[in-house]
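Read the figures in this text as sums done on the coordinates, not as results from a lab. These numbers come from a predicted model, not from an experiment. Please note: Cβ atoms are built from the backbone with ideal geometry, for glycine as well, and neighbour counts cover all protein chains shown.
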Amino acid sequence: MAGRMVVGSTALAGLVRAASAPDPVGAHRLLPVLPELSGLLPNRGLRRGSTVAVAAGRPAHSGGTSLMLALLAEASRSGSWCAVVGVPTFGAVAAADLGIALDRLALVPHPGPEWATVVAALIDGVDVVVTAVPGTVSASVVTRLAARARQRGSVLVPYGEWDGADVTLRVMRGAWEGLGQGRGRLRRREVTISARGRGAAARPKEIRVWLPGDRSGRRIPDAPPASSPPRRTMLTLTG
């Protein structure tokens, strides 16, 4: 089962009450992320009360969904509740492969016209709330949801373009590995992820990792100095 499918306000309220139950993890102000992604965040983790956006990116770069899942993996594995709103194509198998605990995952694939109300209700009791951004969102809604996350100690993760996030992560480039001379299968993707934000995250950062990779999201070493022989790669397909 792909997490808990939430339908109706009664079911949503029951989930929020359950997720709000005392949890020793909730006492910490920082939720963990994969070590390879920690360098992108100013506190090396997901700070409670913050807004960390994952830009969907252009189709040529894509990789945004894998990045969103990787961002949740360590917090979920450590005991945090997560929710995903407005992503009807959410892949439970991919989520489980990355380490997301499906028994602590709530899915609201079709939030309807009351999207902002659904997200606000989940923020009240869920540690990390991912929401697809439904087109253009008014500044007042952005401000209200960010303020609610700060008050409740939840981490809001908009998936799409979102003005005013503390940090915005974006897949800038990507290349697949696995295909040979007309044969083989796609195995993993080398992606370059950028982080830009405000305050402690104002200084832009970039890293290269494998996504979906080998569950660890292993970081790719930086390029050697110009005086060293160039590192050869086998990245044959982009897009």
- Message: Please count how many residues of region 103-119 are surrounded by fewer than 16 Cβ atoms within 10 Å (Cβ to Cβ) and either aromatic (F, W, Y) or touching a residue at least 12 places away in the same chain (Cβ under 8 Å) (or both).
- Response: 2
- Item | Selection count, region 119-148, where residues are more than 28 Å from L211 (Cβ to Cβ) and not in a loop (DSSP other than H, G, I, E, B) | 9
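Here is a yes/no grid of residues against (1) under 17 Å from the mean Cα position of the chain (by Cα); (2) within 19 Å of A56 (Cβ to Cβ):
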{"site": "V84", "(1), (2)": "yes, yes"}
{"site": "A95", "(1), (2)": "yes, yes"}
{"site": "A101", "(1), (2)": "yes, no"}
{"site": "H110", "(1), (2)": "no, yes"}
{"site": "V137", "(1), (2)": "no, yes"}
{"site": "V142", "(1), (2)": "no, yes"}
- Can you tell me which residue within region 70-88, out of those that are touching a Gly at 6+ places or on another chain (Cβ under 8 Å) and of a type in the set (A, V, I, L, M), is farthest from A132 (Cα to Cα)? A73
